[in-house]
1. Go through region 260-275 and give me each residue that's more than 30 Å from Gly322 (Cβ to Cβ) and of a type in the set (A, V, I, L, M, F, W, C).
2. If I ask for residues that are exposed (fewer than 14 other Cβ atoms within 10 Å of the Cβ), more than 30 Å from Ala325 (Cα to Cα) and touching a helix residue (DSSP H, G or I) at 6+ places or on another chain (Cβ under 8 Å), which ones from region 234-259 would you list?
3. So is Phe260 touching an Asp or Glu at 6+ places or on another chain (Cβ under 9 Å), in a loop (DSSP other than H, G, I, E, B) and under 22 Å from Pro309 (Cα atoms) or not?
4. Restricting to region 71-104, what's the tally of residues that are surrounded by fewer than 20 Cβ atoms within 10 Å (Cβ to Cβ) and either among the hydroxyl-bearing types (Ser, Thr, Tyr) or not assigned by TED's automatic domain parsing to the domain that holds Ser56 (or both)?
5. Give all pairs with beta carbons closer than 9 Å in which a residue from region 268-294 that is in contact (Cβ under 8 Å) with a residue 60 or more places away in the chain meets a residue that is outside any helix (DSSP H, G or I) and of a type in the set (Phe, Trp, Tyr); count only pairs at least 6 apart in sequence or on separate chains.
6. For region 295-321, what are the residues that are part of a loop (DSSP other than H, G, I, E, B) and touching a residue at least 24 places away in the same chain (Cβ under 8 Å)?
7. Please note which helices (runs of 4 or more DSSP H) are completely contained in region 324-388 and include at least 2 residues that are farther than 19 Å from Asp89 by Cβ and either without any contact (Cβ under 8 Å) to a residue 60 or more places away in the chain or touching a Lys or Arg at 6+ places or on another chain (Cβ under 9 Å) (or both).
8. Please specify each residue of region 151-186 satisfying the condition of being basic (Lys, Arg) and surrounded by 20 or more Cβ atoms within 10 Å (Cβ to Cβ).
Amino acid sequence: MLTNFVYPINFSITKEILTNKIIFIHNYSDRLPIVSTIIFLKMGEIYEPHKLSGISELLQATITKGTKNRTAQQIAQEIESLGGTISADSGDDFSTLSISVRTQYFEHSVEILSDIFFNPTFPEEEIEKEKNNIIAGILARKDNIFEVAIDELLCNMYGKKHPYGKHPYEIIKHIRKLSRKEILSWWENFYGIDYDNKNIIIVVSGDIEFQKAKQIIEKNFSNIKPIKIPSLKEYYFKNKPKIIRKKTHFKQAYLMYGYFAPSIKIENFKKYLSLKLLNLYLGGGMSGKLFEILREEKSLCYETNCFYPTKFLDSHFVIYLGLDAKKINIAKQEIEKILNYLKYNGITQQELSECKNKLKGRYLLDHQTNLRQAWYLGFWEVLGLDYIYDKKYIEELENVSLDDIKNVIHEITEVKPYILELIPK
């Protein structure tokens with residue numbers, strides 16, 4: 001067991017607010033002569049008005065496609081010549097811009113990153129290419145029964161105007177209309193420093209000393225402009241669970257149970273950890289209770305699992321099954337039996353210990369590279385906690401009790417679930 005846990009990033013981690021108010025986090029590791037730098041921005045779907053749905057993703061897809069000093073081809077060739085990698089991503093709650101290179105090229109890599117940060121040109125032809133790529137990705141979802149199911153479930157749970165409930169097909173019409181002018185405006189709204197919102201975090205992880213890394217970051221980001229990012233909208237749920245039945249072109253059926261679940265906030269942290277453990281107990285692949293009972297024991301489905309994503313706003317806990325349509329009703333009965341049993345009996349101490357051990361192991365395995373270590377440090381910070389929660393995540397798991405598991409089951413199942421049934425035509 002991992003009760004005597006040693007923090008996986010067992011080197012020197014330092015956090016400092018720079019003179020320009022950027023949050024700078026440095027993780028020193030000399031295992032390999034590699035350095036990863038990630039910029040985290042508070043920019044994503046939760047900030048987007050409905051008419052600009054998808055703009056953060058489109059911006060991030062095109063921001064590396066040219067600057068005032070470099071063309072898209074020059075950026076790609078320059079990174080390749082350094083033996084490095086670069087990426088820009090956007091999600092529901094935040095966006096990232098990252099680069100990894102050998103230590104000797106760190107300063108050069110930060111200069112490239114700052115050029116992309118401050119001087120993107122968003123060429124029209126690149127915007128159109130990336131629009132087509134994003135739309136193609138959305139349209140491809142119709143061929144995956146899980147994607148069809150989760151899109152329909154979340155749309156019903158959150159509503160079409162909530163960032164977590166926007167149906168991807170609805171987003172297509174907005175992406176098609178987005179202009180270069182709107183992308184530039186969106187970039188100006190977020191690629192700067194908001195003194196009140198701590199919206200920019202830069203994490204450097206790898207074989208470089210703190211003072212040198214700090215000096216290079218400050219030099220390249222000294223002229224960051226002050227901005228005021230848009231306020232987050234408050235969302236109110238009608239919370240009227242229902243059964244959604246929909247006929248599809250798939251030959252098999254699909255069943256989903258959706259419950260609202262805690263967001264990632266400091267005050268929710270114990271519930272958050274408890275639900276992560278419950279998620280692993282029920283899901284967790286072939287060793288999960290859902291697989292053991294619904295597939296192996298009852299032969300009700302060909303696949304089953306559950307998931308609980310980390311979200312800044314209200315999250316969701318979802319159980320899903322792929323099965324024959326004739327077995328939907330009995331599968332629903334069995335799911336409810338499992339949840340009711342857990343509500344009143346919980347899990348055993350041995351099961352809880354096993355889940356803690358598995359969760360710790362998976363978490364640590366995902367910290368093997370400098371890039372992933374940097375990502376986790378920035379992830380906790382950008383979501384409003386602190387980089388130290390990368391360590392607390394593991395440490396606080398030990399404090400989750402059997403009662404905590406029972407309590408979180410009672411809390412999420414207090415309201416009836418949204419149930420989605422996909423049926424073959």
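1. Ile266, Phe269 - these are the residues of region 260-275 that are more than 30 Å from Gly322 (Cβ to Cβ) and of a type in the set (A, V, I, L, M, F, W, C).
2. Scanning region 234-259 gives a single hit, Phe237.
3. Judged against the criteria, Phe260 is not a match.
4. Of the residues in region 71-104, 5 are surrounded by fewer than 20 Cβ atoms within 10 Å (Cβ to Cβ) and either among the hydroxyl-bearing types (Ser, Thr, Tyr) or not assigned by TED's automatic domain parsing to the domain that holds Ser56 (or both).
5. Close Cβ pairs (under 9 Å, with a partner that is outside any helix (DSSP H, G or I) and of a type in the set (Phe, Trp, Tyr)) amount to Leu275/Tyr308; Leu275/Phe317; Lys276/Tyr308; Leu278/Tyr308; Leu278/Phe317.
6. Lys298, Leu300, Cys301, Tyr302, Tyr308, Thr310, Lys311, Phe312, Leu313, Asp314
7. The helices (runs of 4 or more DSSP H) meeting that bar are 328-345, 349-365.
8. Lys166
The values are calculated or read from the model by the stated rules, or taken from the named source; none is laboratory data. Just so it is clear, the structure is predicted and the values come from calculations on it, not from any experiment. Glycine also receives a Cβ, built like all others from the backbone with ideal geometry; neighbour counts cover every protein chain displayed.
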